[in-house]
Amino acid sequence: MHRRKVGIIGAGAVGATAAYSLSMMGTCNEIILFDIAEGVAKGKAIDIAQSTHYAPNSTIITAAESPADVEGCDIVVITAGVPRKGDMTREDLLMINAKIMKSVVEDVMKYSPDAVIICVSNPLDVMTYAITRITGWERNRIIGMAGALDGARMAYQIYNKLGFGAGQIGTLVMGDHGQNMIPLPQKVQVGDVPVNELLSREEMEEIIERTRTGGAEIVKYLGTSGYYAPGRAIAHMVEALLNDSQIVVSSSVLLQGEYGYSDVTAGVPVVLGKNGIEKIIELELDEETRAKFKISIEGITSGIDILKANHFFE
Ligand code: APR
């Protein structure tokens with residue numbers, strides 16, 4: 001019998017929370033954690049495995065001793081990376097994390113050659129691009145986790161404004177997973193009611209701004225970035241793939257002409273199913289959103305250009 005197996009590379013805050021969320025939902029048979037920091041994957045795997053005693057379904061949680069143990073996975077989630085430190089430039093961080101992607105992905109290609117990869121490491125869109133180029137795999141198998149999280153943050157802001165509709169609020173965030181992200185609350189519905197029937201233009205502007213700064217707000221309070229919502233967003237995507245749900249979730253994907261762009265990854269609404277990205281949905285964008293999307297693409301492209309200038313793909 002085929003076992004539903006998920007590998008998580010990087011058992012830090014986000015990776016471990018994704019594993020915990022998945023095991024509480026009973027989505028997969030097996031989760032294997034790997035981390036370069038000795039003991040981290042082992043300690044988290046033991047803790048999460050013990051938590052499954054009270055979960056609705058059993059999930060086997062183990063730690064990999066080496067990358068070779070992350071073998072035969074249906075899905076590999078990559079959260080490995082280093083956070084930006086005070087003296088690092090954006091370029092330094094980008095090159096460090098890109099090199100981590102290269103070593104991690106070479107192992108995935110060897111040991112889980114049929115997997116779908118969900119990239120979580122930042123800068124998200126550029127790392128997703130790097131993985132697409134390194135693997136040379138069909139683009140449907142490399143998915144950047146961005147809109148699932150940013151959408152949840154947008155829905156939270158809409159609920160906070162309305163005070164009703166929790167769990168009934170649609171989500172749509174496009175573009176990059178950074179300062180130029182494009183939350184589109186005006187496009188979504190609460191229940192079956194379009195949001196623009198419920199909120200004024202000013203209120204929506206506020207929601208857009210608060211969604212964009214949603215990650216930073218958590219850092220302000222915690223001194224570290226969030227991990228519950230990112231972990232749950234990853235689990236939501238893993239569930240969609242394993243269950244072949246064919247649901248729409250904004251994700252970062254290599255564009256090949258969609259929205260007028262190629263050779264760049266960016267967040268757009270896609271359909272998720274057993275093959276990864278089953279379909280890219282091309283929305284008709286108004287002029288203002290098109291202009292914002294262009295700015296977002298330019299930001300991502302400048303990151304990709306740094307990789308190219310450093311001969312990363314040669
Ligand atoms: N192989 C495996 N694990 C690695 C490697 C590597 N080559 N390099 C670093 N790691 C591990 C670290 O040891 C650490 O445990 O990746 C983990 C990252 O976890 P955290 O530092 O706790 O970061 P987290 O908050 O989980 O965020 C992970 O997701 O949202 C993004 O920007 C965020 O890129 C970051 C990633």
- request: From (1) at pLDDT 95 or above; (2) within 13 Å of the ligand (Cβ to nearest atom); (3) surrounded by fewer than 15 Cβ atoms within 10 Å (Cβ to Cβ), pick out the condition that doesn't hold for residue 47.
  value: (2)
- request: Would you mention how many residues in the range 18-37 are surrounded by fewer than 24 Cβ atoms within 10 Å (Cβ to Cβ) and near the ligand (Cβ under 9 Å from one of its atoms)?
  value: 3
- line: When restricted to 265, 224, 211, the only residue part of a helix (DSSP H, G or I) and either under 19 Å from the mean Cα position of the chain (by Cα) or not assigned by TED's automatic domain parsing to the domain that holds residue 187 (or both) is 211
- prompt: Of (1) more than 16 Å from the ligand (Cβ to nearest atom); (2) under 23 Å from residue 163 (Cα atoms), residue 248 satisfies all except one. Which?
  reply: (2)
- line: Scanning the range 93-140 for residues that are closer than 18 Å to residue 264 by Cα and aromatic (Phe, Trp, Tyr) gives 129, 137
query: Among all residue pairs at least 6 apart or on different chains, which show Cβ distances below 8 Å where the first residue, located in the range 162-184, is without any contact (Cβ under 8 Å) to a residue 60 or more places away in the chain and the second is surrounded by fewer than 15 Cβ atoms within 10 Å (Cβ to Cβ)?
result: 165/191; 168/191
- prompt: Is it the case that residue 130 is assigned to a helix (DSSP H, G or I) and surrounded by fewer than 21 Cβ atoms within 10 Å (Cβ to Cβ)?
  reply: no
- prompt: Say we look at the range 72-104 and pick out the residues that are of a type in the set (D, E, K, R) and within 11 Å of the ligand (Cβ to nearest atom); which of these is nearest to residue 276 (Cα to Cα)?
  reply: 102
task: Please tell me if residue 117 is within 21 Å of residue 313 (Cα to Cα), near the ligand (Cβ under 9 Å from one of its atoms) and touching a residue at least 12 places away in the same chain (Cβ under 8 Å).
output: no
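So that you can scan it fast, the table gives a plain yes or no per residue for (1) in contact (Cβ under 8 Å) with a residue 40 or more places away in the chain; (2) under 18 Å from residue 29 (Cβ atoms):
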| position | (1), (2) |
| --- | --- |
| 53 | no, yes |
| 56 | no, yes |
| 70 | yes, yes |
| 84 | no, no |
| 92 | no, no |
| 98 | yes, no |
| 109 | no, no |
| 112 | yes, yes |
- request: Examine the range 194-206 for a residue that is under 21 Å from residue 119 (Cα atoms) and either among the hydroxyl-bearing types (Ser, Thr, Tyr) or free of Cβ contacts under 8 Å to residues at least 60 places away in the same chain (or both), and state whether such a residue exists.
  value: no
query: Between residues in the range 21-33 that are assigned by TED's automatic domain parsing to the domain that holds residue 245 and residues that are surrounded by fewer than 21 Cβ atoms within 10 Å (Cβ to Cβ) and among the acidic types (Asp, Glu), which pairs lie under 8 Å by C-beta distance while being six or more apart or on different chains?
result: none
task: Scan the range 1-29 residue by residue and report those that are over 11 Å from residue 63 (Cα atoms) and assigned to a strand (DSSP E or B).
output: 5, 6
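The values are calculated or read from the model by the stated rules, or taken from the named source; none is laboratory data. From a predicted model like this one, the values you see are computed outputs, not experimental measurements. Reconstructed Cβ throughout: ideal geometry from the backbone, glycine too, with neighbour counts over all protein chains shown.
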